[in-house]
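Take a look at the structure below.
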Amino acid sequence: MSTIDTAEYRKKLEEEKARLLHAVDFLVRENPGSISDELGEVAEGGTDNHLGDTATAMYDRELDDGLEEGARETLVEIDAALQRIEDGVYGICEVCGKPIGAERLSAIPWTRLCIDDQRRTSS
Ligand SMILES: [Zn+2]
């Protein structure tokens, strides 16, 4: 069972969740159609630099898609962290069972692992 005061972390998680939902909403509104729709628009522009514009449009779109995907993955982790608070196991490393530590939880409130196991799993 976790003994830390979770109110502060729940607040941080909910703030981050709201920020990410806003970001995803913005990205979705920025890119309503498919990439081919977007490229079609560029092609219709009939600009001399059609190939350059297409490359830029592709790059921008891939960047946005990557941002959106990253945001969605973090949203899943935030929901899992909020569930861990409900279950009373928030702040406990899922690998070694030791407390993750206030500093690390303040930096990454949705983290599942202590710094040692994070390093182990990412190396
Ligand atoms: Zn650990």
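Worth a mention:
- Net charge of neighbours whose Cβ lies under 11 Å from the Cβ of Ile92, counting Lys and Arg as +1 and Asp and Glu as -1: +1
- Packing-based order for 13-20, 57-64, using average beta carbon neighbours within 10 Å, highest first: 13-20, 57-64
Bear in mind these aren't lab numbers, they're just calculated from the coordinates by the rules spelled out. Keep in mind it's a predicted model, so treat the numbers as computed, not measured. All Cβ positions, glycine included, derive from the backbone under ideal geometry; neighbour counts span all protein chains shown.
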